[in-house]
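Chemist: Here it is: the structure, laid out below.
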Amino acid sequence: MHTVHTGETPDILLQLLSPEGMRLADADLDPWVAEVTGADLAALYQDMVVVRRIDAEATALQRQGELGLWPPLLGQEAAQIGSGRALRADDFVFSSYRENAVAWCRGVAPTDILRVWRGTAQSGWDPLVYRMATPSIIIGAQTLHATGWAMGARFDGADSVAVAYFGDGATSEGDVSEALVFAASFQAPVVFFCQNNHWAISEPVGLQTRFGIAGRAPGFGIPSLRIDGNDILAVMAATRLALNRARTGGGPTFIEAVTYRMGPHTTADDPTRYRPAAELEEWAKKDPILRLRRLLDSLGLFTPELESETQALADATAAELRAGCIGLPDPEPLTVLANVYATPHAGVDRQRAEYAAYLASFEPTGGKV
């Protein structure tokens with residue numbers, strides 16, 4: 001396994017697919033994607049196109065006032081689809097708020113992805129059904145949740161793996177360091193998947209780290225991989241390698257997927273105020289979807305049929321997303337206090353009674369409001 005141990009190696013970027021769509025060789029990663037067929041490549045391409053369309057439609061819905069907020073993933077499709085499709089059904093995902101493509105891979109319905117952002121639910125899906133926890137808004141907290149779950153899985157004798165997704169900015173949070181300490185100490189079956197998209201809101205990654213992010217993990221006793229996050233084959237191979245290591249008692253692995261956030265941090269952000277236009281143009285040449293399309297084309301697999309089928313699937317998914325979002329019913333007001341605790345709690349009961357009385361004060365009384 002490639003590891004990062006010293007200051008001499010953190011800039012090494014592992015690739016299996018160049019930006020021009022050329023297949024590259026890597027002795028450590030190649031075996032993990034050896035069985036990937038042309039049909040598999042086409043399916044991965046469709047996944048990325050569809051989730052980009054979901055992202056664009058959700059952004060439009062927010063701009064039109066149908067969503068309160070939206071965190072775009074534009075440019076990070078390969079990092080999320082490549083890793084998401086490597087997971088087993090019994091693995092458990094602990095994500096931040098941007099991993100909507102991973103939710104797609106876990107089978108979450110497009111409309112359910114939007115429930116929280118429309119403000120109609122506290123969680124868009126049942127975590128136990130999809131094996132994906134409610135996305136964490138608190139930066140880095142999910143790494144602790146993933147490590148705890150992984151420790152429990154190990155104690156239970158299961159070979160399921162937890163995967164924690166987070167961004168480069170989260171690595172400055174104490175929670176992440178604490179999670180790495182516990183994972184290393186207990187050899188927990190967890191994969192730490194850092195999407196280094198170069199910007200923690202408006203601050204560049206170089207501001208918070210003078211050393212490569214992947215180079216930090218070995219200091220905790222955790223081997224790491226630094227991969228091209230826009231290369232879907234390298235992402236899938238590295239994730240499979242790390243998952244296998246965790247399943248077979250090898251403990252945690254840290255993956256730094258170097259990618260780029262092409263859009264804003266959220267729809268409340270204006271990246272033109274801090275991001276150089278030339279940088280955006282340079283990263284546009286490394287587009288993950290274009291890269292895979294070029295590979296498919298070189299193999300004679302990017303056919304008119306594949307293109308039309310993919311476009312139709314993206315259109316249908318976008319239409320489902322829009323209709324589902326607008327059709328979401330408003331929740332009953334008192335449900336905001338549901339599921340706060342697993343068992344009855346006197347404090348919540350008191351708050352519910354007070355809120356019910358407040359709501360009742362707006363009801364018509366004696367013909368008057």
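Chemist: Criterion first (at pLDDT 95 or above and open to solvent by 60 Å² or more (accessible area, probe 1.4 Å)) does D287 satisfy it? Let's see the steps before the verdict.
Modeler: Working: at pLDDT 95 or above: yes; open to solvent by 60 Å² or more (accessible area, probe 1.4 Å): no.
No; evaluated as a whole, the condition is false for this residue.
Chemist: Within the set of pairs 6+ apart or on separate chains, which have a first residue in region 170-190 that is over 23 Å from G206 (Cβ atoms), a second that is basic (K, R) and open to solvent by 10 Å² or more (accessible area, probe 1.4 Å), and C-beta atoms under 8 Å apart?
Modeler: F186/R154; Q187/R154; A188/R154; P189/R154; P189/R247
Chemist: Enumerate the pairs (first residue in region 323-345 and free of Cβ contacts under 8 Å to residues at least 60 places away in the same chain; second residue anywhere and open to solvent by less than 70 Å² (accessible area, probe 1.4 Å)) with beta-carbon separation below 7 Å, excluding pairs fewer than 6 apart on the same chain, so at least 6 apart or on different chains.
Modeler: Note: pairs meeting the criteria are P333/L359; L334/A356; L337/V348; V340/V348; Y341/V348.
Chemist: Of all residues being β-branched (V, I, T) and open to solvent by less than 60 Å² (accessible area, probe 1.4 Å) in region 306-332, which is farthest from E66 (Cα to Cα)? Just the residue, please.
Modeler: Taking region 306-332 and keeping what is β-branched (V, I, T), we get 310, 317, 326.
From what's left, open to solvent by less than 60 Å² (accessible area, probe 1.4 Å): 310, 317.
Working: T310: 26, T317: 17 Å.
Step by step, filter region 306-332, then rank; the result is T310.
Chemist: Something else: Residues of region 193-232 being of a type in the set (A, V, I, L, M) and open to solvent by 10 Å² or more (accessible area, probe 1.4 Å), which ones?
Modeler: First pass over region 193-232, keeping only residues of a type in the set (A, V, I, L, M): 200-201, 205, 207, 213-214, 217, 222, 225, 227, 232.
Residues satisfying the conditions are A200, I201, V205, L207.
Chemist: Let me ask something else. With the requirement that a residue be open to solvent by 90 Å² or more (accessible area, probe 1.4 Å) and either assigned to a helix (DSSP H, G or I) or within 26 Å of D112 (Cβ to Cβ) (or both), what does region 333-356 give you?
Modeler: Selection gives N339, Y341, A342, R350, E354.
Chemist: If the Cβ limit is 7 Å and pairs must be 6+ apart or interchain, which residue in region 42-58 that is in contact (Cβ under 8 Å) with a residue 12 or more places away in the chain and over 14 Å from R291 (Cβ atoms) pairs with which residue that is assigned to a helix (DSSP H, G or I) and of a type in the set (K, R)?
Modeler: These pairs meet every condition: E57/R322.
Chemist: Continuing with this model, one more query. Exactly one of (1) in contact (Cβ under 8 Å) with a residue 60 or more places away in the chain; (2) open to solvent by less than 10 Å² (accessible area, probe 1.4 Å); (3) farther than 24 Å from A323 by Cβ; (4) of a type outside the set (V, I, T) is unmet by L114. Its number?
Modeler: Here L114 clears every test but (3).
Chemist: What is the residue count in region 9-64 for residues that are of a type in the set (D, E), open to solvent by less than 70 Å² (accessible area, probe 1.4 Å) and either within 21 Å of I255 (Cβ to Cβ) or in a loop (DSSP other than H, G, I, E, B) (or both)? Let's see the steps before the verdict.
Modeler: Filtering region 9-64 down to residues of a type in the set (D, E) leaves 11, 20, 26, 28, 30, 35, 40, 47, 55, 57.
In the following step, the residues that additionally are open to solvent by less than 70 Å² (accessible area, probe 1.4 Å) were identified as 26, 28, 30, 40, 47, 55, 57.
Next cut, either within 21 Å of I255 (Cβ to Cβ) or in a loop (DSSP other than H, G, I, E, B) (or both) only: 26, 28, 30, 40, 47.
So the count comes out to 5.
Chemist: Tell me yes or no: at least one residue of region 169-183 is among the β-branched types (V, I, T), touching a Pro at 6+ places or on another chain (Cβ under 7 Å) and more than 30 Å from E282 (Cα to Cα). Walk me through it before giving the result.
Modeler: Within region 169-183, the subset among the β-branched types (V, I, T) is 171, 176, 181.
Subset that is touching a Pro at 6+ places or on another chain (Cβ under 7 Å): none.
Among the residues of region 169-183, not one is among the β-branched types (V, I, T), touching a Pro at 6+ places or on another chain (Cβ under 7 Å) and more than 30 Å from E282 (Cα to Cα), which makes the answer no.
The values are calculated or read from the model by the stated rules, or taken from the named source; none is laboratory data. Since we're looking at a predicted model, the values are computed, not measured. We place every Cβ from the backbone using ideal geometry, glycine too, and count neighbours over all the protein chains shown. Only protein heavy atoms, including side chains, enter the accessible area calculation; ligands, DNA and RNA are left aside. Shrake-Rupley method; radii C 1.70, N 1.55, O 1.52, S 1.80 Å.
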